[in-house]
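Chemist: Take a look at this one; I'll ask things after.
What follows is calculated from the coordinates using simple rules that are stated; it is not laboratory data. The structure displayed is predicted, hence computed values, not measured ones. No Cβ is skipped: glycine too gets one built from the backbone with ideal geometry, and neighbour counts run over all protein chains shown.
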Amino acid sequence: MKPKTLFEKIWDRHVIDQPEGKPAILYIDLHLVHEVTSPQAFEGLRLAGRKVRRPDLTIATMDHNVPTTNRSLPITDPISKKQMETLAKNCKDFGIRFFDLDSPQQGIVHVIGPELGLTLPGKTIVCGDSHTSTHGAFGALAFGIGTSEVEHVLATQCLQQAKPKTMEVHFKGRLPKGVTAKDAILALIAKIGTAGATGYVIEYTGEAIEHMSMEERMTICNMSIEAGARAGMIAPDETTFQYLKNRPFAPKGEEFERAVREWKELRTDEGATYDHRVEIDASQIAPQVTWGTSPGMGTDITKSVPDPASFATETERKSAELALEYMGLVPGTPMTEIKIDRVFIGSCTNSRIEDLRAAAKVVEGYQVAPHVKAMVVPGSQQVKKQAEQEGLADIFIAAGFEWRESGCSMCLAMNPDVLQPGERCASTSNRNFEGRQGRGGRTHLVSPEMAAAAAIKGHFTDIREWKYLGKERETHATT
Amino acid sequence: MQPLRQETGIVTPLDRANVDTDAIIPKQFLKRIERSGFGQFLFYDWRFDSKGNPDPSFVLNQKKYEGSSILLARENFGCGSSREHAPWSLLDYGFRVIIAPSFADIFYNNCFKNGMLPIRLTSEQVDQLFQKAYRDQPYQLTVDLVEKSVYDQEGLKFFFEIDEYRRTCLLEGLDDIAITLQSEEKIAKYEEKLPDYYAIAAK
Ligand code: SF4
C-alpha cells in the first residue's frame, strides 16, 4: 500500500463521495457551534424547511459575547443578549446539546471540546470559527468554516472540500527553558509569514512537539490559522491517550482500549511525502513579542523594533510603516523598553490550566506594576474551578490581577472587556490586528509567562532571567 | 444565491496587504442575527473617525469611487477570523468582485457562497490596475466569468484561473446544500459504519 501522511489517512476515511469534476464530500464527525456565526445558518435552515441531520453530533456553547463579570447579573447589552437567546432557542428547536452560560461546562468552544473529551483522534471537526485548528492537536482534522458552511453541515453533516496540500513543520531539538509553545508558533509565523501556509494542512513533528503536553500542542495547532493554514495537526501518542482517559465524553473501559489501538495507526507512514517541508531548530528559539499588527510581525525579546527600511519588498516596507504608526513604536526601541498599560491572560490560545499555572508561578510573591491593569480570564468554567482549587486564583488576586468568568473576553473584545484608544496590552491571545482588542488598542502577543512578567515589571522583560519567588509547582501534571 | 456572469463597474483601490476580517467588519457589528444590512459597517474603523464622521482620506469616502462594484486589494486579503459577515458587508455595500494577488482560504471560500467573485491576478497585473485606478477619472473594468477575463476600454485584458466547479456554481447561482443532498444515499450508508466510540453520549 502507498504510504500515507496522517492527514491523508483521515481525509481518505471521510470522503464519502468524489463526484467527477467536483470537490469531495467530506463527512463531519463533530460540529461545534457558538452564538456569533450560527444565527444566520439556523435561519437558512428554517427558510429552506431543512432539519439538522445529526443533532447528536452537534454541540453548542456561548463564548464570544459573554460577560466575564458576575454571571448572576443581567446582560446589559441588548443586542448581545438577543444573540445569546437566539442560540438557546435554536438549540432547543433543533434538539442540540447546549452548554448555556450558567452551565459548569461553559467555556471557549476550543477549550471545552478537548476538556470534555469531545475532541478525539481521527475525527473530522468543524466550527464556525477559524481557531478550530486547535483540535488538530489530538490528531483530528479540524478547521474553521463560514456561516454558509455551518448551515451546510447542519443540513447534511458533510462539507464540500477541495483537497488541501500538506506541509510538515519539523521542530528539531528541544525548546530551551523559559521558551514555550507560544514562542515556538510565533517564531514559525515570523519565519514563514501569515500566508506562508495558505492552502496547506500543517503536520507538526519533531522532538520538541513530542515532548509537549496536550495543552502546549493545542497552543501550537491553535495558531496554525495565523500562518494561513487550513488546519494544523499532531499525531496522537501516549500523551494524547493519557489526556483523554476518563474525560466525560471519551470512550471508556474496553471501548477506550479498542479506540486507542485504532488511533495508534494515525501517524504518517515511513516513506510518505508532504508537498512542502519546513524545519526549525527549536533550541534556537527565544521568547517572542510581536511589534506590529499581524501575528507574523514578531521578534525575540532580546531584539529591537525593526526599521521598515530593512524589509525586502515594497509591500512589506509599507505594511511595517503602517503597523509602527498604529502601534506608536519607534524603530530601534529595544523590546524590553516597551511599556504596557494592560495585560490580558486568556483566549483559546493560552487560557487552560497549565497556562494559568505557568503565569501564577511568575506572579507569586510580586505585585502588578501600579500603572498596569491586568486580568486573567480562564478558558472555561472547569479551568476556573480548578485554578481556584489549586490556589492560583488567590495568587493572581493577591498580586492585583482581576479574576474573571470564562469566555473569549478581550481576545476580540465583543463583550465589555475592551482596550481604550492608545492603550498598550501584553496579550496571550492570537491576533494583534488593528482594533482587535478595541479601537486604537495596541496588542503585543506573548506567552502567559511573558505576559505575567510584563504585568509585574510594567514593560516587557526576558522571562529567562526571571527570579521566581513562589514555591516549586508542577506545571504540566494533568488532573 | 444570485448568479454572476459579467460585472462592469468602477474599481476601488485599497492599497494594503493582509487586510483582515476584523478590519473589514469590526466585532461590535457581529452581534446582529440577520444576514443583511452590514454594508454600513464595512471597514468601519477606517471609514469613520471615533466620532462616527467619515474620514475623507479613506478611499471609500472619495467621490470618484462612489457606486464601485470592484475592489482591488493586495496580498492575503481576508485573513484572520472566519466571520462570513466580511463578505456580507462587502456585498451589501455593493462589491461583487474582489481582485488581489492572493486571498486567505476561509474568506475566499465564503465569497463564493454569497455570489461574490474573488479573482487572483499576479502582483504585476494588480500593480497595473492600481496605477489606473489612481487616476483622476473613475476607472471601469469588466469582469467576464464566462471567458474568465478582466478587461477595460483601453485594450487591457487579463485572463484568470478559477476552479471549474466554483465557476459553474457562480454562473448558475446553485445551492450547494442541494448538490450535497444528491449524495444522500452515500451519506446514510457511511453513517452505518461510524465508529461507535465517536457517538456523543455522556459515558
Ligand atoms: S478566544 Fe479569541 S480566537 Fe479563540 S474563539 Fe474566542 S474570539 Fe476566537
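Chemist: Give me the net charge of residue A:200's neighbourhood, meaning all other residues with Cβ under 15 Å from the Cβ of residue A:200; Lys, Arg count +1, Asp, Glu -1.
Modeler: -1
Chemist: Determine, for each peptide in A:204-212, A:372-380, A:291-299, the mean count of other beta carbons within 10 angstrom over its residues, then list the peptides with the highest first.
Modeler: Per-residue mean Cβ counts within 10 Å order the peptides as A:372-380, A:291-299, A:204-212.
Chemist: Hey, can you rank A:141-148, B:46-53, B:159-166 by average C-beta count inside 10 Å, highest first?
Modeler: Ranked by mean Cβ neighbours within 10 Å, highest first: A:141-148, B:159-166, B:46-53.
Chemist: List, in order, the whole-Hz ³J(HN,Hα) value for each residue of the stretch A:46-62 obtained from phi through the Karplus relation with A = 6.51, B = -1.76, C = 1.60 and θ = phi - 60°; use x for Gly and Pro.
Modeler: Computed from phi, the couplings for the stretch A:46-62 are 4, 4, 8, x, 9, 9, 7, 5, 10, x, 6, 9, 10, 10, 10, 8, 10 Hz.
Chemist: A follow-up question, please. Find the centroid of the Cα atoms in the stretch B:1-80 and in the stretch A:171-191, then give the distance between the two in whole Å.
Modeler: 36
Chemist: Need one number: % antiparallel among DSSP beta bridges in the protein assembly as shown, to the nearest 5.
Modeler: Rounded to the nearest five, the antiparallel share is 30 percent.
Chemist: Here's another thing I want to ask about it. Suppose we keep just the DSSP beta bridges with both residues in the stretch B:6-173; what percent of those would be antiparallel, to 5?
Modeler: Within the stretch B:6-173, antiparallel bridges account for around 50 percent of the total.
Chemist: For residue B:72, what residues show an amide H to amide H distance below 5 Å, using hydrogens built from the backbone and excluding near sequence neighbours?
Modeler: For residue B:72, whose amide H was placed from the backbone, the distant partners under 5 Å are B:12, B:14, B:99.
Chemist: For the stretch B:6-173: lysine pairs with Cα atoms under 25 Å, gap of 8 or more or different chains, count?
Modeler: 13
Chemist: Round to the nearest 0.05 the FRET efficiency obtained for residue A:82 and residue B:178 when R0 = 22 Å and r is the Cβ-Cβ distance.
Modeler: With a Förster radius of 22 Å, E is 0.10.
Chemist: Under 19 Å from the Cα of residue A:385, which lysines turn up, not counting those fewer than eight places away in the same chain?
Modeler: Correct list for residue A:385: A:361.
Chemist: Would you work out the relative contact order for chain A, in percent, from Cα pairs under 8 angstrom that are 6 or more residues apart?
Modeler: Computed over chain A, the figure is 17 percent.
Chemist: Answer rounded, prolate or oblate for chain A, using the Cα gyration tensor with square roots of eigenvalues a ≥ b ≥ c: rounded when a/c is under 1.5, else prolate when a/b is larger than b/c, else oblate.
Modeler: Rounded, since a/c falls under 1.5.
Chemist: Be a star and scan the stretch B:85-128 for residues whose amide nitrogen sits under 13 Å from the point 7 Å along the Cα-to-Cβ vector of residue B:156.
Modeler: The answer is B:99-100, B:121-128, whose backbone nitrogens lie closer than 13 Å to the label point.
Chemist: Can you give me the relative contact order of the stretch A:133-262 as a percent, contacts being Cα pairs under 8 Å and 6 or more apart?
Modeler: Relative CO of the stretch A:133-262 lands at 35 percent.
Chemist: What are the ³J(HN,Hα) couplings of the stretch B:61-74, residue after residue, when phi is run through the Karplus curve with 6.51, -1.76, 1.60 and θ = phi - 60°? Round to Hz, x for glycine and proline.
Modeler: For the stretch B:61-74, the Karplus-derived couplings read 8, 8, 3, 5, 9, 4, x, 5, 10, 10, 9, 10, 9, 9 Hz, x marking Gly and Pro.
Chemist: Amide H to amide H under 5 Å from residue A:232: which residues, 5+ apart in sequence or cross-chain, H placed 1.01 Å off N in plane?
Modeler: A:136, A:142, A:202
Chemist: Can you work out ³J(HN,Hα) from phi for every residue in the stretch A:332-346, in order, using Karplus 6.51 cos²θ - 1.76 cosθ + 1.60 and θ = phi - 60°, giving whole Hz and x for Gly and Pro?
Modeler: Couplings: x, 5, x, 4, 6, 9, 7, 7, 10, 10, 9, 9, 10, 10, x Hz.
Chemist: A further question on this structure: Counting alpha carbon pairs within less than 8 Å and at least 6 residues apart, what relative contact order, in whole percent, applies to the stretch B:6-173?
Modeler: 26
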